[in-house]
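Peer 1: For reference, the structure I am asking about is given below.
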Amino acid sequence: QIKQGDILKHDFILKNETNNILGINNIHTSCGCTASESDKKSLMPQESTAITVSFNSKGYLGPVTQFVYVNTDNADLAAIKFTIKAEVVKD
């Protein structure tokens with residue numbers, strides 16, 4: 001639950017559980033109100049990285065669901081989806 005106008009930040013952890021190097025091709029979000037970034041563009045086997053996500057609640061009220069998509073170079077993991085859920089309340 002966040003106040004309208006606040007920015008919510010969260011780190012999702014992405015771990016490469018394959019036996020090959022996992023390349024992160026791009027990261028995109030379901031709307032312009034959400035931004036994301038990763039420290040690394042490729043992960044060695046069993047290596048992890050944080051996917052930092054920011055959600056700007058300005059203009060929202062009530063329950064909100066947004067998505068972050070991580071596209072990789074692995075055909076079995078071509079798109080990994082993270083979900084952001086919040087309830088935006090008036091200040």
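Peer 1: Please determine whether any residue of segment 81-88 is β-branched (Val, Ile, Thr), under 18 Å from the mean Cα position of the chain (by Cα) and more than 24 Å from residue 16 (Cα to Cα). Before you say what the answer is, go through the steps one by one.
Peer 2: Of the residues in segment 81-88, the ones β-branched (Val, Ile, Thr) are 83-84, 88.
Imposing the further condition that a residue be under 18 Å from the mean Cα position of the chain (by Cα) reduces the set to 83-84.
Of the ones still in play, those that are also more than 24 Å from residue 16 (Cα to Cα) are none.
No, there is no match, as no residue in segment 81-88 is β-branched (Val, Ile, Thr), under 18 Å from the mean Cα position of the chain (by Cα) and more than 24 Å from residue 16 (Cα to Cα).
Peer 1: Could I ask something else about it? Taking the condition of being within 17 Å of residue 85 (Cα to Cα) and touching a Phe, Trp or Tyr at 6+ places or on another chain (Cβ under 8 Å), how many residues in segment 13-34 meet it?
Peer 2: In the first step, residues of segment 13-34 are kept if they are within 17 Å of residue 85 (Cα to Cα); the result is 13, 28-34.
Retained after the next criterion (residues that are touching a Phe, Trp or Tyr at 6+ places or on another chain (Cβ under 8 Å)): 28-30, 33-34.
Final tally of qualifying residues: 5.
Every read-out reported here was derived from the displayed coordinates using simple, explicitly stated rules and does not represent laboratory data. The shown structure was predicted, so the numbers you read here are calculated from the model rather than taken from an experiment. Positions of Cβ are generated from backbone atoms using ideal geometry, with glycine treated the same way; all protein chains shown enter the neighbour counts.
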